[in-house]
Amino acid sequence: MSNNATQLLVSATIEFLRRHPPFDRMEPEALQFLAEHLKLAYYPKEAQVLTPEMGVARTFYILQRGKVLARQAGEISVVEYSSMTLGPGEGFPIGSVTAQRPSTNAYVALEDVFCYELQADDFFKLMQKSTVFNLFCTQYIASLLNQSRQQLQVQFAQRAAEQQTMNSPLASIVKKAPISVSPDTPIRKVVEVMAAGHIGSMIVVDEAEQPVGIFTQSDVLKRIVLPGIALDAPIQSVMSPAPHTLPISSNAYDAALAMAMHGIRHVLAVDEGGRLKGVVSERDLFTLQRVGLRQIRQTIDTAANLDQLLQASQDVRQLSLNMLAQGVGAEQITQFISALNDTLTRRIIQINLENHDLYGIEWAWLSFGSEGRDEQTFSTDQDNGIVYVCTDIMDREQTQLRLLEFARDVNHDLDKCGFPLCQGKIMASNPELCLTIEEWEEKFGHWIRTPEPQALLNATIFFDFRPLFGQFNLANRLRLSLLRQTRTNGVFRRMMAQNALSVSPPLGKIRDFITDADPERPGTIDLKKFGARLFIDAARIFALAHNVSATNTVQRLKLSAGPMNAPADEVAAIIEGFNFIQLLRLRHQHFEQEHGREGDNSVRPDELNELERRILKEAFRQARKLQQRLKLDYQV
Amino acid sequence: MNWIAKLFNGGPKAPPIVLTPVQQEAIAAWRKTPAPDLTRSHYRSRYVVVDVEASGLNMKKDRLISIGALAVVDGVIDFSDAFEVVLRQDVVSTHENILIHGIGGSAQSEGVDPPDALIAFLQYLGKSPLVAYHALFDQSMIERALKEYLGCDLGQTWIDLAWVMPDLFRDLINAQVGLDDWLKLFDIENILRHNAVSDAYATAKLLQVALARGMQRGAETPNSFVELERARRWMRRAS
């Protein structure tokens, strides 16, 4: 009798749990077990749910209603920076219960809170019963990221498939005018035309241009050579009659379906009058499946003019989208965009070198900012410069003039190919940024010695330089001298740290996120300013301090982890956080541009799904960790 | 003098109560259950929160159809410590009534034999104090059924949250209001309105809120809630 009541309550609990990860993916038996073993407790506002003083954590909590503030106790004095808010569906303390130790956080009810409680014994049983839960606990962050990536994958795979292949009308696939013959044409003539034009199939049409048959290359052997048919017989005696036709307005999906259903390799597109308009082959449908990486590179490398390069830069964007769809991570995509943009830029430089005589000058083309870091997203403008060597016998002004003229042409061509001119004039055609190696050293040295705000800002752009074309060793020399100066100048790095810490991760104390930083875009977070940049700025300081010459943020974090004694798993979590933010930026920019807007970085947390919001929260927490490290290192 | 006869003989229609030895034994065992100490803390007590469904709202004439109950033990709701029973009805309640609680005609006529149903409830309840919202109705229906089918008195403590809540939360609602007003105030969801278990679940969560507040206000035991309710009823009557 009491079973009925318990069943009702347990199923209500299951229904609640199913709305939240990781319970939404949990095995039904495990979920049932969990719901049967939960009890419900209530904590009024401001009550302590769990504190380190309560000793070994023997209960796992899952919030049903209300919010709980988790605050790191002790250790670090800046308590304010190590707190986070948990909401319905979130469980705690995973680490402490698993390890059977006192919680490191104090959990306090921010509002009136109802929460489920699971005894540690049952918690361990659940970990045994459920692989999903086990994974969730042991790979807390990693598993969340995976889920999100999979979701993203599904979402994009659908879009990509719809857009590119299956929804394209046949009219857009049929490029060439069809070649056809009349039914009484001698076989010899037909085969000659096919051989001369490299045509795989010949369509036979009547006087009204309506297709009556099809003859393909493979028919030659089976129907002519082997049976020994005379070559002056009419084609209609050997053709396959009544070929499969589709209205030209149907789409690729219909064609693929017809081929699959009838086991044929060609479908004829006809107009309203049944007249032949084109031939769609199986191969046409496959090539629709996309421009490949190799193909784009080839196009770029052999491009003779800007039109071809412009087409290639559009292909780069399309291919990046496909990679996004295939679930490729943000790190690879941004590197890939950078790599292809490098190739594109190099080709533009090469084309322009044909019109400019730079003979006798040692020089290198540098890229700065996101391109310098190999972290370009879809929206990107130019950030470049030139370093050169001016020997005693050369006239400095003349040399610079030659380089500037050349740079101006390159900048304009880049602009035409989809890399808008830089508003801030960070371009090689700017005389301030077309400098000898000594001038660059002096410029850098000046910023380092007098770290006023503008100098610090410049450092964040120019210190991420990378050579793209020309004498790479010039850039390497510049890198070495830069590191020599920054490594020994703690005051400068401290100022950099202070600058980096002026922006905090937008984690709210009550709400999940702070979304009102920009009064013009309420409800949004600028994921560049309040997200990616937090990681980028910290990584740069670590690199400058520990003699790491890499400019890429992930590389910088990985390479400075050793000298900083940072545990590998912590670094991995930070990198995951950074990559997730980059992924959100890529996706957002793509959607914005698809709707004809400029791709900005203002993401609305409300529009993310619950999982993504939680990962984003985790990513921001990782940023906070990085900032704490900066605080400790530089005492700011 | 028919009414005098009724008064003294319990009415002409009341059938004699015949219980099996097993049933009698069960009732005797329940009687012997020791009563809990109502001066212990809320967080060391077991409360049983009940909600009943009946064939109508008339406490004297309508019949008890089902009892839903849930225990709050040491301040925590334990879903395995829950109870529900439908009493077998010889006459199915009206269509309008069924629409309210959703216990259909066949469910009513296939219910548990009333004496067994009530004994099961007593066994579940033990001597724990009972809690309900607008408890008078639940109390009357349960006690009348016990009398009618088992010939026994409950004689147990009842706590009515309809009186306790406005006293503990004078700053929020200082009046007698419906259950839904409190549920809304504390954002407590009722999963299945007018289902006895679901209503009891919502009421149990409200009790949890009251217990926590009671601890802050010095009303830390079941007895103190009883006192609080009595004082408030008296105040209301006096004013």
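A short reminder: the numbers here are calculations on the coordinates, not readings from a lab. Here the structure is a predicted model, which is why all the values come from computation and not from measurement. A quick note on method: Cβ atoms are made from the backbone with ideal geometry, for glycine too, and the neighbour counts reach across all protein chains shown.
Annotation: the residues A:Thr399, A:Thr553, sorted from fewest to most other C-beta atoms within 10 Å of their own C-beta, follow the order A:Thr399, A:Thr553.
What does the convex hull of the alpha-carbon atoms of the stretch B:38-238 project to on average, in nm²?
If I average the Cα hull's projected area over directions, I get 11.2 nm².
Amide H contacts under 5 Å for A:Val212: A:Val204, A:Val205, A:Asp206, restricted to partners 5 or more places along the chain or on a different chain, H placed in the peptide plane at 1.01 Å from N. Within the stretch A:338-472, the proportion of C-alpha pairs whose separation exceeds 23 Å stands at 30%.
Each Lys and Arg Cβ is given +1 and each Asp and Glu Cβ -1; about its Cα centre, the protein assembly as shown then shows a dipole of about 1840 debye. I'd like to know which of A:Gly228, A:Gly599, A:Phe620 lies farthest towards the positive end of the charge dipole of the protein assembly as shown, counting +1 on Cβ of Lys and Arg and -1 on Cβ of Asp and Glu. Positive-end residue among those listed: A:Phe620. Placing unit charges on the Cβ atoms of the charged side chains and taking the dipole of the protein assembly as shown about its Cα centre, the candidate lying farthest along the positive direction among B:His42, B:His95, A:Leu435 is B:His42.
Near the amide H of A:Ile386, within less than 5 Å, lie the amide hydrogens of A:Leu366, A:Cys434, A:Leu435, all on another chain or at least 5 residues away, with H placed in the peptide plane. In chain A, the DSSP-assigned H stretches of four residues or longer account for a calculated mean residue ellipticity at 222 nm of -15500 deg cm²/dmol, using -39500 (n - 2.57) per stretch and the full residue count as denominator.
If Lys and Arg each add +1 and Asp and Glu each add -1, what is the summed charge of the other residues whose beta carbon sits under 14 Å from the beta carbon of A:Ala304? Value of the local net charge: -3.
Inter-part distance, the stretch A:518-570 to the stretch B:175-212, computed on C-alpha centroids, equals 49 Å. Taking the Cα centre of chain B as origin and assigning +1 to Lys and Arg Cβ atoms and -1 to Asp and Glu Cβ atoms, the resulting dipole is close to 880 debye.
Here the convex hull built on the C-alpha positions of the stretch A:547-636 has a volume of 124 cubic angstrom per residue.
Of the residues A:Gly278, A:Asn609, A:Ser103, the one whose Cα sits farthest toward the positive end of the charge dipole of chain A, with +1 on the Cβ of Lys and Arg and -1 on the Cβ of Asp and Glu, is A:Ser103.
Less than 5 angstrom separates the built amide H of B:Gly75 from those of B:Ser45, all sequence-distant by 5 or more or on a different chain. Remark: the stretch A:33-39, residue by residue, has Karplus-estimated 3J(HN,Hα) of 4, 4, 4, 6, 9, 7, 10 Hz, where x stands for each Gly or Pro and the curve is 6.51 cos²θ - 1.76 cosθ + 1.60 at θ = phi - 60°. Taking the square roots of five times each eigenvalue of the Cα gyration tensor of the protein assembly as shown, the equivalent ellipsoid has semi-axes of 73, 45, 20 Å, listed largest first. Our coupling estimate for the stretch A:196-201, obtained by passing each phi through the Karplus curve with A = 6.51, B = -1.76, C = 1.60 and θ = phi - 60°, is 5, x, 6, 9, x, 8 Hz, Gly and Pro reported as x.
Couplings 3J(HN,Hα) for the stretch A:575-588, derived from phi with the Karplus relation 6.51 cos²θ - 1.76 cosθ + 1.60 (θ = phi - 60°), are 5, 4, x, 4, 4, 5, 5, 4, 5, 4, 5, 4, 5, 4 Hz, where x marks Gly and Pro. Here the mean projected area of the convex hull built on the C-alpha positions of the stretch A:395-447 is 4.1 nm².
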